[in-house]
1. With free of Cβ contacts under 8 Å to residues at least 24 places away in the same chain, of a type in the set (K, R) and within 24 Å of V231 (Cα to Cα) as the only criterion, which of R256, R270 stands out?
2. Out of N376, N359, N380, which single residue is touching a residue at least 24 places away in the same chain (Cβ under 8 Å), more than 29 Å from G246 (Cα to Cα) and over 19 Å from the mean Cα position of the chain (by Cα)?
3. Just checking, which of V198, V241, V231 is assigned by TED's automatic domain parsing to the domain that holds S299 and either basic (K, R) or surrounded by fewer than 18 Cβ atoms within 10 Å (Cβ to Cβ) (or both)?
4. How many residues are among the small types (G, A, S), more than 29 Å from L315 (Cβ to Cβ) and touching a strand residue (DSSP E or B) at 6+ places or on another chain (Cβ under 7 Å) if we restrict to segment 336-368?
5. Looking at segment 104-151, which of its residues are closer than 17 Å to R397 by Cα, modelled with pLDDT under 80 and either under 23 Å from the mean Cα position of the chain (by Cα) or assigned to a loop (DSSP other than H, G, I, E, B) (or both)?
6. Output the residues belonging to segment 88-103 that are surrounded by 15 or more Cβ atoms within 10 Å (Cβ to Cβ), over 15 Å from Y145 (Cβ atoms) and among the aliphatic types (A, V, I, L, M).
7. Which of the residues that make up segment 283-305 are among the hydroxyl-bearing types (S, T, Y) and either outside the structural domain of G369 (by TED's automatic domain parsing) or surrounded by fewer than 15 Cβ atoms within 10 Å (Cβ to Cβ) (or both)?
Amino acid sequence: MIMRQDLPPAAMAVCALALLAAPAAMAQAKLQAAPLPADDIVTAADANAAAYARAALAQSDAAPVPTPSRSAPVLSYGDLNALDRPIAFQLATATVSISGLVDAVWAHDLNRKYWVSGDDPGIAGAGQIEVARRLGNRWTVGVVYYGEYTSNGGLYNSACGSFCNTYAGGHKTYNGFVNGYVRTSWGTLYGGNVGNLVRNDTRRRPGYGETVLAYDDFLGQLSRWGGGYQVRQGPASFDAVVDQDGDFELGSSWHRPIIDHDIRLSARFRRSEVAIADGLGDLRSDGLGGVAEFTYGSSIYDLGSGFERLTGRGLELNRWYVSSGARTKLGTIGLSLEGHYGQIDGSSESAVSAGMAYNLGRGLSANLGINYSDANVVRNQITILKPNTHGANASLRYTF
């Protein structure tokens with residue numbers, strides 16, 4: 001087609017538009033004559049979307065906190081996060097789920113003069129088994145047993161960190177915890193060893209590797225046996241625990257995404273007892289604390305604070321503290337840094353933890369942690385708080 005040069009400008013513009021539109025019209029005609037396989041296109045798009053979602057979930061470290069609709073983990077927090085799903089199988093009419101970890105740990109006390117003399121190799125492990133059954137009225141009943149073991153009572157590791165000082169009288173090498181629950185549309189009712197129920201739902205997230213930030217909790221602890229209730233309404237959860245001595249803890253957490261971020265706010269109040277180091281009595285503890293957490297991509301930043309009043313044996317002490325941490329995931333490497341500072345009646349307490357976790361394979365990781373803490377609070381010849389640890393830990397961990 002040859003465009004005549006003597007045409008008016010308007011006619012030339014119309015001819016140019018016709019030339020540009022011709023290929024599109026021809027393509028549309030071909031599509032109408034032989035439509036593309038829409039089902040194949042939809043299937044391919046769905047597959048790509050599913051693959052993308054799986055990859056995003058695998059790289060994300062912003063795992064939600066335990067909720068009433070997900071009973072496991074009930075007893076531990078952050079330590080049974082396996083790369084695989086928990087092992088589950090059917091037993092009669094019940095479902096059995098098993099998860100756990102095994103740590104080959106090497107610990108070194110930085111207070112010792114020589115590195116060789118400071119070596120404390122050992123084995124640490126934690127495991128959880130849950131048996132649950134859904135009833136005809138759509139209630140779910142279940143029982144959970146959680147156990148943790150360290151071959152050396154002096155080992156300081158994340159396997160025992162989830163339950164260190166949770167209740168008075170814990171054993172140095174092995175502790176077992178059990179509870180039963182009934183979950184309905186109105187919430188979940190627990191009975192047994194539930195001292196950490198509120199803390200698990202409202203605490204700061206633990207760091208990577210072999211790290212445990214010392215003093216990052218109230219000094220007062222609940223007793224071993226008790227009952228609890230947990231309910232979720234939209235983005236908010238509410239928790240309550242009462243122990244065998246009548247002490248209690250109340251807490252609430254609000255958690256939801258905002259645009260491309262994720263926000264979690266929590267608060268709790270605990271009335272409990274502090275076991276004095278001399279073993280001659282207890283102090284009454286009333287503690288109030290809160291946590292603010294911000295997640296962006298694969299990084300988590302949080303800030304926690306608390307106030308605790310200690311009374312008894314002629315003492316009236318006020319304790320306050322602030323804890324903060326940052327976690328990030330860089331491919332197969334996780335890094336964390338945490339810090340804590342507080343005062344008890346003018347005497348300071350401080351702690352720092354730095355950790356790293358490197359995923360070697362499915363369920364297998366290498367971990368490193370440095371834990372430092374310093375506090376020495378004595379009043380009326382009563383030891384309220386003493387130094388915890390100055391150590392470096394490394395481990396090879398397998399989770400399932």
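1. When all the criteria are applied, what remains is R256.
2. Exactly one of N376, N359, N380 is touching a residue at least 24 places away in the same chain (Cβ under 8 Å), more than 29 Å from G246 (Cα to Cα) and over 19 Å from the mean Cα position of the chain (by Cα), namely N376.
3. V231
4. 8
5. Answer for segment 104-151, where residues must be closer than 17 Å to R397 by Cα, modelled with pLDDT under 80 and either under 23 Å from the mean Cα position of the chain (by Cα) or assigned to a loop (DSSP other than H, G, I, E, B) (or both): T150, S151.
6. L101, V102
7. Within segment 283-305, Y296, Y301 meet the criteria.
A quick yes/no check of all residues on (1) surrounded by fewer than 17 Cβ atoms within 10 Å (Cβ to Cβ); (2) modelled with pLDDT under 90; (3) over 29 Å from D103 (Cα atoms):
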site: F307; (1), (2), (3): yes, no, yes
site: L310; (1), (2), (3): no, no, yes
site: G325; (1), (2), (3): no, no, no
site: T328; (1), (2), (3): no, no, no
site: S336; (1), (2), (3): no, no, no
site: G363; (1), (2), (3): yes, yes, no
site: K386; (1), (2), (3): yes, yes, no
site: G391; (1), (2), (3): no, yes, no
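The values are calculated or read from the model by the stated rules, or taken from the named source; none is laboratory data. These figures come from a predicted structure and were not determined experimentally. Here Cβ is always computed from backbone atoms with ideal geometry, including for glycine, and neighbour counts include all displayed protein chains.
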